[in-house]
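Colleague: Here's a structure for you.
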Amino acid sequence: MEGNIEIRVARAQDAEALARIYAYYVEKTAITFEYEAPDAAEMEARRKEILEHYPYLVAEQAGHVLGYAYAHAFYGRAAYAWSVEVSIYVASDARGQGIGRKLYAALEDALRGMGVLNINACIAVPRTESDPYLTNGSLAFHKRLGYNMVGIFHQSGCKFGRWYDVVWMEKMLGEHEEPPAVVQDFHGIDQ
C-alpha cells in the first residue's frame, strides 16, 4: 500500500477529512486530551494558522486523505526558533501500513529544509498495562523513528475519568552550530 501514497501539503478541501480522522482520536482515545472533536471549519482554521510558518502535510491515496502530520512552534520565545512540536494522526482503519512513517519522513525533510534542528513530541501514555483508551503504540512508533525520551509528567491529563502520564521525546535533525542559521518559513515540500 505504501507505494501508492502521495504526501502533499494540506489544502482547504481536506478539512472534512482532517476533522473525521481527528474525531476518532478525540472521541475514542486518550491520544489527544481534547474532549470535543473540532469541526471542519476549526480544522481549516488550524491548518491555515500552522501553514503560515510550518508544514502541515497529508497522506493521500486515490483521492482519499488517510492521515496528516504537522509541526508548530515549540514555545513562544525567540530562542526556541530551532525547535518544533510535531503531531501525527492516521485514519483508524489505515494504521499499521507505513503511512505514519512516510508522513514523518516528509515532515522531517521539510523541517530540515527550514533549518529546524530539534523535533519534540508530546505523547500520552497509559498508567496501567490494560487501558481501553490508550496503548504505548505512539511511544513505540516514535522510538522506532529515532526519538529519545527526555521526560515524563505524571498524571498530567484526565480523560474518560482516568489520569494519564505525558512523555516528551525529541529527535535532533542537524548540528547545533554557533551561531545557528536563521530558520525559514515553510514554503512547500520541495524547498
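Colleague: Which residue fluctuates most in the GNM of the chain (Cα springs below 10 Å): Tyr164, Tyr133, Tyr89?
Modeller: In the Gaussian network model the winner is Tyr133.
Colleague: Residue farthest toward the positive end of the dipole of the chain, with Cβ of Lys/Arg at +1 and Asp/Glu at -1: which of Thr135, Ala78, Tyr89?
Modeller: Most positive-ward Cα: Thr135.
Colleague: Order 122-130, 14-22 from most to least packed using the mean count of other Cβ atoms within 10 Å. Before the final figure, lay out each step's value.
Modeller: Numbers: 122-130: 14.0, 14-22: 19.7.
Packing order, densest peptide first, comes out as 14-22, 122-130.
Colleague: Right, here's the next one. Taking only DSSP H segments of four or more residues, each worth -39500 (n - 2.57), what value at 222 nm results for the chain once the sum is divided by all its residues, to the nearest 500 deg cm²/dmol? Before the final figure, lay out the partial values.
Modeller: On the way: 4 runs with 50 residues, N = 191.
Only helices count here, giving -8000 deg cm²/dmol.
Colleague: Right, something else. Going by accessible area, probe 1.4 Å, with all protein chains left in place, what is the ranking of Ile31, Ile50, largest first? Please list the in-between numbers first.
Modeller: Working: Ile31 55, Ile50 25 Å².
Descending accessible area places them as Ile31, Ile50.
Colleague: For the chain, which whole-number percentage of the solvent-accessible area (1.4 Å probe, protein heavy atoms only) is attributable to carbon and sulfur atoms?
Modeller: Numbers: 5020 of 10200 Å².
Carbon with sulfur: 49 percent of the solvent-accessible area.
Colleague: What relative contact order, as a whole-number percentage, does the chain give when Cα pairs under 8 Å and 6 or more residues apart are counted?
Modeller: Details: 343 pairs, mean separation 42.5, N = 191.
Value for the chain: 22 percent.
Colleague: List every residue whose amide H lies under 5 Å from the amide H of Lys159, counting only residues 5 or more places away in sequence or on a different chain, with H placed 1.01 Å from N in the peptide plane.
Modeller: Tyr164
Colleague: Pairs Lys28/Lys143; Lys102/Lys171; Lys143/Lys171; Lys28/Lys159: which are spaced more than 19 Å apart, C-alpha to C-alpha?
Modeller: Values: Lys28/Lys143 24 Å; Lys102/Lys171 16 Å; Lys143/Lys171 10 Å; Lys28/Lys159 10 Å.
Beyond 19 Å between Cα atoms: Lys28/Lys143.
The values are calculated or read from the model by the stated rules, or taken from the named source; none is laboratory data. Note that the structure is a prediction, hence the values are computed from the model and not measured. Using ideal geometry, Cβ is built from the backbone for each residue, glycine included, and neighbour counts are taken over all protein chains shown. Accessible surface is based on the protein model in full, side chains and every heavy atom, while ligands, DNA and RNA are left aside. Shrake-Rupley method; radii C 1.70, N 1.55, O 1.52, S 1.80 Å.
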